[in-house]
Amino acid sequence: MSATRRFDPILLLAAPAVAYLTVVYGLPLLFLLGRSLLGAGGFSAFAGFFADPFSWTVLGNTVRSAALVTLVCLVIGYPTALVLARASGFVQAAILVAIILPLSVGVVVKAFAWQIVLRRDGVVSQIFTGLGIWDEPQRLLFTETGLVIGAANIFVPFMILPIYSVLKLVDPRLGEAAATLGASPVYRFFKVAIPLSLPGIITGIAFVFSMAASMYVIPSLVIGDRFQTLATLTGRSFLFMRNEQLGSTTAVVLLALTIGIVVASSRLSRRLGGAA
């Protein structure tokens, strides 16, 4: 058998898509990378960025807020995906519509809506005050808590759908079989449901974390300039400070962070798939 592989002509069908992605995405990214490396600072721009304590604060804000948003989406999204996978007929259709329909509303509209909800006289403050949790109305707007709540509301469908796509393929009789062997509901959840749905969980975490780390509009409108992330610092560098070197550097750092999360999740999913 020849060691060389024959070229498959069917691969030519992907040529238009590859060319489009190269022009629309690949070339701008290469230009951005070149601008960060070939500017006035060169490699020293990255050294200066990581030597600045403020840069580490911005990086910490980015990772922490993205991790909190991802955690909230996972806590809300997994039970929802589980119910969605077990539902049928009209109930399943209604849940899917409730999940997908909000995606048609723009992020800017949602962010402005959360400005109204999270302010001192908003719905959240009134509910917590009425329940006695708060002694007096408090403002969640322009706080990290408000940012996490608003971002989780926007990104939670991207956690639910990957988990649901995996759970719907799981045979429900597996749980019944574990119950007949004496497994408790908690044991079945952690030892049967969670391991079988790990590929969907990993994919959802990668989606939500990468989008939460790179969000720009939501932090700009919900928390403002007092809480800087890599995305908001990039936008501020280009739009207000006119510092293309800093903007390109922060953009490359953010790109490396998100690519690292996606690649790590992809490898972990393949490893789990191979183990299965």
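The values are calculated or read from the model by the stated rules, or taken from the named source; none is laboratory data. Since this is a predicted model, take the numbers as computed values, not measurements. Neighbour counts are summed over all protein chains in view; Cβ atoms, including those assigned to glycine, are modelled from backbone coordinates with ideal geometry. All accessible areas refer to the heavy atoms of the entire protein, side chains included, with ligands and DNA or RNA removed. Shrake-Rupley method; radii C 1.70, N 1.55, O 1.52, S 1.80 Å.
Observations
- The residue that is most open to solvent (accessible area, probe 1.4 Å), counting only those in segment 114-133 that are over 16 Å from Gly224 (Cβ atoms) and β-branched (Val, Ile, Thr), is Ile133.
- When each of Ala15, Ala47 is tested for being more than 25 Å from the chain's Cα centre (by Cα), more than 22 Å from Pro157 (Cβ to Cβ) and surrounded by fewer than 10 Cβ atoms within 10 Å (Cβ to Cβ), the lone residue that passes is Ala15.
- Residue match in segment 61-78 (condition: under 16 Å from Phe158 (Cβ atoms) and without any contact (Cβ under 8 Å) to a residue 24 or more places away in the chain): yes
- Leu221 vs. criteria open to solvent by less than 50 Å² (accessible area, probe 1.4 Å), in contact with a Ser or Thr (Cβ under 9 Å, 6 or more places away or on another chain) and of a type in the set (A, V, I, L, M): no
- Residue selected from segment 86-130 under the condition touching a Leu at 6+ places or on another chain (Cβ under 9 Å) and of a type in the set (S, T, N, Q), by the criterion nearest to Gly175 (Cα to Cα): Gln92
- Scanning segment 175-219 for residues that are part of a helix (DSSP H, G or I) and touching a residue at least 24 places away in the same chain (Cβ under 8 Å) yields a count of 21.
- Yes/no for Arg236 being at pLDDT below 85 and either basic (Lys, Arg) or not in a helix (DSSP H, G or I) (or both): no
- From the list Thr203, Thr180, the lone residue that is open to solvent by 20 Å² or more (accessible area, probe 1.4 Å), among the hydroxyl-bearing types (Ser, Thr, Tyr) and either under 13 Å from Thr80 (Cβ atoms) or modelled with pLDDT of 85 or more (or both) is Thr203.
- Qualifying positions in segment 87-142 - assigned to a helix (DSSP H, G or I) and not hydrophobic (A, V, I, L, M, F, W, C): Gly89, Gln92, Pro102, Ser104, Lys110, Gln115, Ser125, Gln126, Thr129, Gly130
- Segment 227-247, residues that are within 22 Å of the chain's Cα centre (by Cα) and in contact (Cβ under 8 Å) with a residue 24 or more places away in the chain: Phe227, Gln228, Thr229, Leu230, Ala231, Leu233
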